[in-house]
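Just below is one structure, and these are the notes that go with it.
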There are 2 protein chains.
Amino acid sequence: MSSVLTPQEVDFPQWYQDVVAKAKLADNGPVRGTMVIRPNGYALWERIQAELDARIKRAGAVNAYFPLLIPNNYLQKEADHVEGFSPELAVVTQGGGRELEEPAIVRPTSETIINASFAKWVQSHRDLPLLINQWANVVRWEMRPRLFLRTSEFLWQEGHTCHATAEEAREYALRIVYEVYQETMRDVMAVPPLLGLKTDKERFAGAIRTYSLEGLMVDGKALQMGTSHELGQNFAKAFDIRYLSVDGEREYVWQTSWGASTRLLGALIMCHGDDNGLRLPPAVAPTQVVIVVVKDGEGVVPAAQALFRELSSAGLRVHLDDQLHTSAGRRIIDWELLGVPVRIEIGPRDLAEGRAMLIRRDTKTKVPVSLGEAVSAVQKMLQEVQESLLTLAERRRAASIIDTASLAEAREAGATGCARVPWDVVRAAEADGTLGKGLSVRCLQRADGSLPEAADEEGLVAYVARAY
Amino acid sequence: MSSVLTPQEVDFPQWYQDVVAKAKLADNGPVRGTMVIRPNGYALWERIQAELDARIKRAGAVNAYFPLLIPNNYLQKEADHVEGFSPELAVVTQGGGRELEEPAIVRPTSETIINASFAKWVQSHRDLPLLINQWANVVRWEMRPRLFLRTSEFLWQEGHTCHATAEEAREYALRIVYEVYQETMRDVMAVPPLLGLKTDKERFAGAIRTYSLEGLMVDGKALQMGTSHELGQNFAKAFDIRYLSVDGEREYVWQTSWGASTRLLGALIMCHGDDNGLRLPPAVAPTQVVIVVVKDGEGVVPAAQALFRELSSAGLRVHLDDQLHTSAGRRIIDWELLGVPVRIEIGPRDLAEGRAMLIRRDTKTKVPVSLGEAVSAVQKMLQEVQESLLTLAERRRAASIIDTASLAEAREAGATGCARVPWDVVRAAEADGTLGKGLSVRCLQRADGSLPEAADEEGLVAYVARAY
């Protein structure tokens, strides 16, 4: 069954399509560009969601829910915003059997409808900061859909906040970048993100600054995994969100918004997968350990069951596979396809020797372990897999970033990987759209890797790559 | 501030509107009938959702996600289904800047789109039972909206399953009624549901049987809190969902679907609330205990902080209110409005005596407790509140159900409460719509209170009431 995956080297996009289908992660939906997230895919999303949600709450934000349908005139209130989203909108024109007087937009993002509420909720400086998050579906019509990566509907969280000062808004937007997104991506998903500032061209429609977390995939392409925006006072002015300051003045608030979506599943799949299927970091794996009874024999199944109970009691997510009517070889191929980080194989011969075989999914390393020490051995191995996948991803990222000095060099390096180039060198080409076919500036950094305040700071470097 | 709530006796609907607004649970959205669920309301939903989700998983179902947008022709495939939902549909006619060739329906429920996937996923008897749940938003255009109770968009879970036999489907539909819905409503929300079978008239569009869980509110009206449907083979035939049986025959599956929504928040508010605001059962309260520093003094705030840490360490959800710039009286009124089950008041005099005051939100009973015994005293009190709210709701339910023997009696009792009447007595009136203004048969039971198999069993009783 593993042979059904197209090898990555042969055709990476086809490998991706194969693994999403064969591991039963998602299907195409009937309306163009929509997606059915199957249980195997959704279980991954549930884990990522829980990790993000815990960190969002730790950062002080609380969850709420705003309507799916936005009056058309709300979208019009912020000029850049409506211009940015207009080509992608889905429009409801009939409701309850009648033509609507005013069409309703299916939210492509919720800045407008949330800020209409904020205008009512924010009165005094005591109401600030206002830190709100929502888990929701959004619709952006997609002409070139790819499961998880670009879909007409996707699931995400979107945070929206109001602050008394520009500095505080800025700090919060950055706090989200570091403490919510970077931490979840790096420490949970083992996908190390590249942090940077978006260029004016790539910035969110309506923002004054967009910080981005970009993943670099096996094929050298970049994937935008999350963004955090400073909105300045653009929406505050459009929706009249003002507070009474300590000094008795009516002041506009300063805002942020930030989002990460089911796209993260695409990053997870592409960053770690190999020709045998998924390779899941234990922190995000719905099943961390699978016990495979390879052959029956006296006491084998009971021993496997005892092991299952022991590992479960230790807080691990375990599955017992005793489906002996299917060959062990075939079942093992399927568990590899699903990317379960650690596999335990047990059969009569192992049992006779009081041991089982431990196999790492990422490296396929096999280690015999005595049954009495299985729990600690599995815990150790899970930690190794988690660390090892991150180290590998970091090394690959380092290798795929090529330092370049000219536009020609940047174009060449960007065609297969990621070019690091002085911003001044590619700036004009980016502005007039001649950077090169499929290439874009993914983000800007200072020379020391820190985040710039503005795209016109001196000495910035740009990362140029193809992107999903 | 409590005086701002209209007393329940004066105008119950106005009380409801007041408490939803003052406790900041929800606002009206800009598009007709839509709702903004504010953080205080959403925190309740998150807890109910977690409790339902854990039970759904225990019942063997797994989560997945299906598209929001359904092709118009899917809806048409099951005749009763489309007829039932047509008047409530929201229709997307434009996408990505163009008129769509086929309009897309914003899902009012997902039977059709999910069953289109099931037709692909189900091949063999080994694929059964297929037990899927989804957490999602749905849209049903609402002409007489009321926050949480009837809104054009609401949040819910909808389960959809396929089984090899009618019996198995039936058992599963009932398992959901008992182990998921009844348990969550009774043991978590302290809202004891009335279980019954829907009449043919009230049954879900496309089902062969609908089981319902009805709550009886303070004002005597019934609220449908959850339903579980046997779909028979209606959708299986419409979508051609067949499996290869052990005997090698291609058989249609038997199906169920079941849902519960943000309506549950309406039940929670109306079942327990009083003229001072919400009264939350501890199992569902986002904050179970609030420590109110009533007056400052040496060591008071540190003592309150120590108490906070102790209670938090014991696993309780605690909030420390040391906002001394606002009067204690005013803060206490607000905590009562929010329904926090247990309040601890502490001030200099209490501290001098090494004690604090414990107050139950539901009964307003005050008990002094020595600081050293606070944790166990709070735990005991929380349990008492949980039990007491359920007992009270059960007593009220019993009192509002009146045994009646004639249509006239049933009408009279149903006008202010719930009439229990032989089904044969009201059957004709229900069928021809002359039961009485605003009255409906909420559900049918056998005389012993158990669930009937069909509405034409002999000796059934009907519950007649007004409903939300």
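The values are calculated or read from the model by the stated rules, or taken from the named source; none is laboratory data. Treat the numbers as computed from the prediction; the structure is a model and nothing was measured. Neighbour counts run over all protein chains shown; Cβ positions are idealised from the backbone, glycine included.
Miscellaneous remarks
- Top-ranked residue in the stretch B:94-118 [being small (G, A, S) and assigned to a strand (DSSP E or B); ranked as farthest from B:G159 (Cα to Cα)]: B:G95
Residue-by-condition table, conditions (1) more than 9 Å from chain B (Cβ to nearest Cβ); (2) surrounded by 17 or more Cβ atoms within 10 Å (Cβ to Cβ); (3) not basic (K, R):
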| position | (1), (2), (3) |
| --- | --- |
| A:N63 | no, yes, yes |
| A:Q76 | yes, no, yes |
| A:A79 | yes, no, yes |
| A:E83 | yes, no, yes |
| A:L89 | no, yes, yes |
| A:Q94 | no, yes, yes |
| A:G97 | no, no, yes |
| A:L100 | no, yes, yes |
| A:A104 | no, yes, yes |
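- Complete set of residues in the stretch A:150-172 that are over 17 Å from the mean Cα position of the chain (by Cα) and either surrounded by 23 or more Cβ atoms within 10 Å (Cβ to Cβ) or more than 14 Å from A:L451 (Cβ to Cβ) (or both): A:H160, A:T161, A:C162, A:H163, A:A164, A:T165, A:A166, A:E167, A:E168, A:A169, A:Y172
- Candidates B:R279, B:R317, B:R361 - the one that is modelled with pLDDT of 95 or more, surrounded by fewer than 19 Cβ atoms within 10 Å (Cβ to Cβ) and charged (D, E, K, R): B:R317
- The lone criterion from (1) outside any loop (DSSP other than H, G, I, E, B); (2) within 12 Å of the chain's Cα centre (by Cα) left unmet by B:R175 is number (2).
- The one condition in (1) surrounded by fewer than 19 Cβ atoms within 10 Å (Cβ to Cβ); (2) in contact (Cβ under 8 Å) with a residue 60 or more places away in the chain; (3) of a type outside the set (F, W, Y) that A:E430 fails to fulfil: (1)
- Summed over the stretch B:173-206, the residues that are surrounded by 23 or more Cβ atoms within 10 Å (Cβ to Cβ) and at pLDDT below 95 give a count of 2.
- The residues on offer are B:Y16, B:Y65, and the sole one that is of a type outside the set (V, I, T), within 29 Å of A:G33 (Cβ to Cβ) and touching a residue at least 24 places away in the same chain (Cβ under 8 Å) is B:Y65.
- A:N28, sole failed condition from (1) facing chain B (nearest Cβ under 7 Å); (2) under 27 Å from B:N115 (Cβ atoms); (3) in contact (Cβ under 8 Å) with a residue 60 or more places away in the chain: (1)
- Check on B:E9, more than 11 Å from chain A (Cβ to nearest Cβ), surrounded by fewer than 19 Cβ atoms within 10 Å (Cβ to Cβ) and in a helix (DSSP H, G or I): no
Okay, residues lined up against (1) free of Cβ contacts under 8 Å to residues at least 24 places away in the same chain; (2) of a type in the set (V, I, T):
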| residue | (1), (2) |
| --- | --- |
| B:L100 | yes, no |
| B:I114 | no, yes |
| B:S117 | no, no |
| B:L131 | no, no |
| B:Q134 | no, no |
| B:R140 | no, no |
| B:C162 | no, no |
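- Residues being closer than 20 Å to A:A59 by Cα and in contact with a Gly (Cβ under 6 Å, 6 or more places away or on another chain) - total across the stretch A:178-192: 1
- Residue list for the stretch A:394-403, filter: in contact (Cβ under 8 Å) with a residue 24 or more places away in the chain and either in a loop (DSSP other than H, G, I, E, B) or buried (at least 16 other Cβ atoms within 10 Å of the Cβ) (or both): A:R396, A:R397, A:S400, A:I401
- Reported count of residues in the stretch A:40-60, each being buried (at least 21 other Cβ atoms within 10 Å of the Cβ) and at the interface with another protein chain (Cβ under 9 Å from one of its Cβ atoms), is 3.
- Assessment of the stretch B:112-122 against the conditions (under 25 Å from the mean Cα position of the chain (by Cα), surrounded by 19 or more Cβ atoms within 10 Å (Cβ to Cβ) and at the interface with chain A (Cβ under 9 Å from one of its Cβ atoms)) yields at least one matching residue.
- Listed by position, the strands (runs of 3 or more DSSP E) enclosed by the stretch A:247-364 that each have at least 3 residues that are in contact (Cβ under 8 Å) with a residue 40 or more places away in the chain and closer than 29 Å to A:E214 by Cα are A:254-261.
- Considering A:E230, A:E310, A:E251, A:E298, the condition of being in the same structural domain as A:V138 (by TED's automatic domain parsing), among the charged types (D, E, K, R) and more than 21 Å from A:L195 (Cβ to Cβ) is satisfied by A:E251 alone.
- Scanning the stretch A:75-93 for residues that are in a strand (DSSP E or B) and either on the phi > 0 side of the Ramachandran plot or touching a residue at least 60 places away in the same chain (Cβ under 8 Å) (or both) yields one hit, A:A90.
- Selection count where residues are facing chain B (nearest Cβ under 9 Å) and among the polar types (S, T, N, Q), scope the stretch A:123-135: 1
- Some residue of the stretch B:136-144 being under 19 Å from A:A64 (Cα atoms), more than 10 Å from every other protein chain (Cβ to nearest Cβ) and not basic (K, R): no
- Residue list for the stretch B:225-247, filter: under 19 Å from B:L451 (Cα atoms) and out of contact with any strand residue (DSSP E or B) (no Cβ under 6 Å at 6 or more places or on another chain): B:G232
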